[in-house]
Amino acid sequence: MIMNGTLWNHLTEVDEQATDMFSRLVEQMKVNEGVTEQLKADDQMDWVSLMNNIESRAREIVNNDLIYC
C-alpha cells in the first residue's frame with residue numbers, strides 16, 4: 001500500500017468507519033441503559049461513571065471488529 005500510494009486513503013477510510021461505529025454504539029448504549037441528560041443534571045458522578053463504561057465498551061467493540069480483525 002505504501003508503494004502504490006493507497007495507504008493514506010485506506011487509513012482515512014478505516015478511521016471514518018471506526019468513528020461512525022463508535023458514535024452509533026455510544027448512542028445506542030446510552031438509550032438502552034437509560035443514560036440521559038437528566039441523569040447528568042441530577043447525579044454527575046454516576047453519569048460520568050456510566051459514560052466511561054459505555055465508551056470503554058464501545059471502543060473495545062470497534063477495535064475488535066475494525067482495527068484488529
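The values are calculated or read from the model by the stated rules, or taken from the named source; none is laboratory data. Quick caveat, the model's predicted, so the values are computed rather than measured. Note that each Cβ is placed from the backbone with ideal geometry, even for glycine, and that neighbours are counted across all protein chains shown.
Observations on the structure shown:
- Taking residues in the stretch 47-69 that are among the hydrophobic types (A, V, I, L, M, F, W, C), and partners anywhere that are in a loop (DSSP other than H, G, I, E, B), the pairs with Cβ atoms closer than 6 Å and at least 6 places apart or on different chains are Leu50/Val35.
- Qualifying residue in the stretch 16-30 (condition: of a type in the set (A, V, I, L, M) and free of Cβ contacts under 8 Å to residues at least 12 places away in the same chain): no
- Residues within the stretch 34-49 that are surrounded by 12 or more Cβ atoms within 10 Å (Cβ to Cβ) and of a type in the set (D, E, K, R), tallied: 3
- Top-ranked residue in the stretch 21-69 [being aromatic (Phe, Trp, Tyr) and in contact with a Lys or Arg (Cβ under 7 Å, 6 or more places away or on another chain); ranked as farthest from Leu11 (Cα to Cα)]: Trp47
- Residue match in the stretch 43-61 (condition: of a type in the set (Ser, Thr, Tyr), part of a helix (DSSP H, G or I) and farther than 30 Å from Met1 by Cα): yes
- Residue list for the stretch 1-33, filter: of a type in the set (Phe, Trp, Tyr) and loosely packed, with under 11 Cβ neighbours inside 10 Å: Trp8
- Of everything listed in (1) among the aliphatic types (A, V, I, L, M); (2) part of a helix (DSSP H, G or I); (3) modelled with pLDDT of 95 or more, the single unmet condition for Leu66 is (3).
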